[in-house]
Each structure stands twice: as C-alpha cells, then as structure tokens.
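Asks: Take this structure, written in structure tokens, and hold onto it; I'll ask about it next.
The values are calculated or read from the model by the stated rules, or taken from the named source; none is laboratory data. Note that this is a predicted model, so its numbers are computed, not measured. We place every Cβ from the backbone using ideal geometry, glycine too, and count neighbours over all the protein chains shown.
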Amino acid sequence: MISISIDSREMQRFIKDIDKFSEDKQSGIRKEISRASYSIQAKAKEEAPVKKGFLRNSIDVIIQNSGVTGQIIVKRNYGIFVHEGTRPHIILPKNKRVLAWRGMSISGKRSKEYTFASKVNHPGTKANPFLARAADKERPIYQQNLINIFK
C-alpha cells in the first residue's frame, strides 16, 4: 500500500496548536484538509494508469485526527511498483519447473498458444508517480485556500 501524507515537525506542531485558533478557523482548516484530500484522490484516479481499473478503484481517503490529517492511500499491493517503478530483475518459477503464459495475438487479444521459459530477465518498469503528480497539482490550491482562511 502506498500513501501520501504530511508528517513533518511543523505539521505535528500545527495539529497540537490547532485548538489555539478560533472555531471558525478550525472548522475552515478541517474542511480544507478534507476537500484537498478528496481532490487529490480524484486527481490521482485521473492520473493512474488503467488496464482494468483495479488500481484506480483502490485509491481511497482516510481523514484522521479529528479532521486535521488527510491521507490518500492505494490499497492494491502492486501500487508501489507502479508508482515507484522497479529495477531490472530475474523472474524464476516458484511452484513449477518453468514459467508459462499466454501471449497476445496481433489483434491485441489473448493468444491460445503458451510461451514457456525457465526464467525471464525482466527489464524493470518505469515509475509512474500518479499520486505525487496529483498532490503537486492540488498543492497551490490548498496553500491558497489556507492563506484565505487566515485572512
């Protein structure tokens, strides 16, 4: 599972000191954190690569600490490999003597023929930081909205 959250000393101090702000400002901060979290989720779903939609549909939001913390998570275990990429590696069979898979035909459909190999030299996967891109798109809006709350 991958997630984006803010866990800095400044944020921890902010969470501790939020009670010092007026009720209106506290409410505005909590609403903005929630709004920004769900906006990042929506943007991440737009940015995520789609084959069947499992990765995109696993992007979720968790609001914690009485609404002062928003966390955007990807529940699919392979999300980290899509987001961060992988290095070149060797794939070996685990339960059988050889690896077997059905290839693709020219038309783009699954072939009926199988390919067999004792190992595969995987070239690695290029990173696709869809969650980071979504957060980067939302950051200036979030910052401006927080500034507006304190005006």
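Asks: Residues in region 67-112 that are under 29 Å from residue 133 (Cβ atoms) and surrounded by 11 or more Cβ atoms within 10 Å (Cβ to Cβ): how many?
Replies: Total meeting the criteria: 21.
Asks: Take residue 35 and decide whether it is basic (Lys, Arg), part of a helix (DSSP H, G or I) and either in the same structural domain as residue 16 (by TED's automatic domain parsing) or surrounded by 11 or more Cβ atoms within 10 Å (Cβ to Cβ) (or both).
Replies: Considered against the rule, which asks whether it is basic (Lys, Arg), part of a helix (DSSP H, G or I) and either in the same structural domain as residue 16 (by TED's automatic domain parsing) or surrounded by 11 or more Cβ atoms within 10 Å (Cβ to Cβ) (or both), residue 35 comes out as yes.
Conditions (1) among the small types (Gly, Ala, Ser); (2) under 30 Å from residue 16 (Cβ atoms); (3) at pLDDT 95 or above; (4) in the same structural domain as residue 24 (by TED's automatic domain parsing), marked per residue:
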{"residue": "94", "(1), (2), (3), (4)": "no, no, no, no"}
{"residue": "103", "(1), (2), (3), (4)": "yes, no, no, no"}
{"residue": "113", "(1), (2), (3), (4)": "no, no, no, no"}
{"residue": "129", "(1), (2), (3), (4)": "no, no, yes, yes"}
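Asks: Just to be sure before I move on: is residue 62 of a type in the set (A, V, I, L, M, F, W, C), more than 30 Å from residue 19 (Cβ to Cβ) and under 23 Å from the mean Cα position of the chain (by Cα) in the structure I sent?
Replies: Details: of a type in the set (A, V, I, L, M, F, W, C): yes; more than 30 Å from residue 19 (Cβ to Cβ): no; under 23 Å from the mean Cα position of the chain (by Cα): yes.
No, not satisfied.
Asks: Give region 54-66 a look and list any residue that's touching a strand residue (DSSP E or B) at 6+ places or on another chain (Cβ under 6 Å), over 17 Å from residue 128 (Cα atoms) and either part of a helix (DSSP H, G or I) or not aliphatic (A, V, I, L, M) (or both), or say none.
Replies: 60
Asks: Find all pairs meeting these conditions: Cβ atoms under 8 angstrom apart; at least six residues apart or on different chains; first residue within region 48-61 and at negative phi; second residue of a type in the set (Ser, Thr, Tyr).
Replies: 55/78; 61/37; 61/38
Asks: Condition check: of a type in the set (D, E, K, R) and not in a helix (DSSP H, G or I). Does residue 51 satisfy that?
Replies: yes
Asks: Pick from region 119-138 the residues that are small (Gly, Ala, Ser) and touching a residue at least 40 places away in the same chain (Cβ under 8 Å): which of them is surrounded by the most Cβ atoms within 10 Å (Cβ to Cβ)?
Replies: 134
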